[in-house]
Amino acid sequence: MNNLMCPDCDAPMETGFLPEATDVDSTLTYWHRDEPEDATFLGMKVSRNAIKHDKEKMFAITAYRCTDCGLLKLYANPKVS
Ligand SMILES: [Zn+2]
């Protein structure tokens, strides 16, 4: 349990996260330092949407949700791989 209160309506905020969910599984969502770059292999793009990522620059996101108005506050926590 956290002690965060909503800055808009002063109701308690509950702890959560933002899963990247598919039909098969789900993963955490991260904040990544720097600008996005296309992922490449041997100089060619891996796929239309793939981007490079560096786990040293990634921080898992914790999302707090107001139990009254639904406002979200996001925090990029220290590295979680
Ligand atoms: Zn609120």
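The values are calculated or read from the model by the stated rules, or taken from the named source; none is laboratory data. Everything numeric in this text was worked out from a predicted model, so none of it was measured. Positions of Cβ are generated from backbone atoms using ideal geometry, with glycine treated the same way; all protein chains shown enter the neighbour counts. These area figures cover heavy atoms from the full protein model, side chains too; ligands, DNA and RNA do not enter into them. Shrake-Rupley method; radii C 1.70, N 1.55, O 1.52, S 1.80 Å.
Given the criterion in contact (Cβ under 8 Å) with a residue 12 or more places away in the chain, over 17 Å from residue 2 (Cα atoms) and among the hydrophobic types (A, V, I, L, M, F, W, C), identify the matching residue among 63, 76, 21, 50. It would help to see each step written out before you state the result.
Working: 63 fails: over 17 Å from residue 2 (Cα atoms); 76 fails: over 17 Å from residue 2 (Cα atoms); 21 fails: in contact (Cβ under 8 Å) with a residue 12 or more places away in the chain.
Exactly one of 63, 76, 21, 50 is in contact (Cβ under 8 Å) with a residue 12 or more places away in the chain, over 17 Å from residue 2 (Cα atoms) and among the hydrophobic types (A, V, I, L, M, F, W, C), namely 50.
Could you list, in sequence order, the residues of segment 22-74 that are loosely packed, with under 13 Cβ neighbours inside 10 Å and aromatic (Phe, Trp, Tyr)?
41
Kindly list, by first and then second residue, each pair from a residue in segment 6-18 that is open to solvent by less than 90 Å² (accessible area, probe 1.4 Å) and modelled with pLDDT of 95 or more to a residue that is of a type in the set (S, T, N, Q) and within 14 Å of the ligand (Cβ to nearest atom), limited to pairs with Cβ atoms under 9 Å and residues at least 6 apart or on different chains.
Going by the 9 Å Cβ cut-off, the qualifying pairs are 6/67; 11/67; 12/67; 13/67; 14/67.
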